[in-house]
1. Which FRET efficiency, nearest 0.05, do HIS119 and TYR41 yield, Cβ-Cβ r, R0 22 Å?
2. Name the shape class, rounded, prolate or oblate, that the alpha-carbon gyration tensor gives for the stretch 1-135, where a ≥ b ≥ c are the square roots of its eigenvalues, rounded holds for a/c under 1.5, and otherwise prolate holds if a/b is larger than b/c and oblate otherwise.
3. By the gyration tensor of its Cα atoms, with a ≥ b ≥ c the square roots of the eigenvalues, what is the shape of the stretch 107-201: rounded for a/c under 1.5, prolate for a/b over b/c, or oblate?
4. Relative to the Cα centre, what is the charge dipole magnitude of the chain, using +1 at the beta carbon of each Lys and Arg, -1 at the beta carbon of each Asp and Glu, and rounding to the nearest 20 debye?
Amino acid sequence: MRLVVLLSGSGSNFQTLIDAVTAGDLNVNIVAAGSDVPEAYGLSRAKAAGIETFVVDYHSYASRADWTAALADTVETYQPDVVLSSGLMRIVGEAFIARFHGRFINTHPALLPAFPGAHAVADALAAGVVITGTTLHIVDAGVDTGPILDQRAVTIDPTDDVTSLHDKIKVAERQMLVDNLRCMAQGTTPVELIRPYANPR
């Protein structure tokens, strides 16, 4: 299975995938890692592992639509079976989603549909819930609204803050990613646990 990873930051989840592939625990061909920002540390992780990298700098384009088109064209050159958003801190346009329909997946640090958006961990703490977690979902045109493929729960302790809770979620998130990518690589399509909001069970 050919995988392209998109990221904006340190790429800690991406490193987990690299390590799993290196250890023989994940039979995935990571063909490229790309970013919207040239200085993303995740690109250095890719280079250290001998993985091809690319940058489609958001600030080099006049509009999000132009950037989206360039990103889609660049990703397409790698002929991916799956595209993973692993900390890509940019909302891609519908043209990208349409190009990779059903193949573009994302992780989110909450049990969707609860706490969508960029501040999910802080929002869970502020709400006073005792359980949160992480979600793997197919990306659609909404914000964290696509079909859910998998979820893993973690308990919120009274002493947790944003940093400690995010660290716990990351552990669950990384295992979820490896498990599901292994499933996909074996040719098994993950079952959509929850359909899009517009088409509920």
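Just so you know, all these numbers are worked out from the coordinates, no wet-lab data involved. For clarity, every value in this text was computed on a predicted model and none was experimentally measured. FYI the Cβ positions are ideal-geometry reconstructions off the backbone, even for glycines, and counts take in every protein chain you see.
1. Once rounded, the FRET efficiency stands at 0.50.
2. oblate
3. Oblate is the answer for the stretch 107-201, as a/c is 1.5 or above yet b/c matches or exceeds a/b.
4. 300
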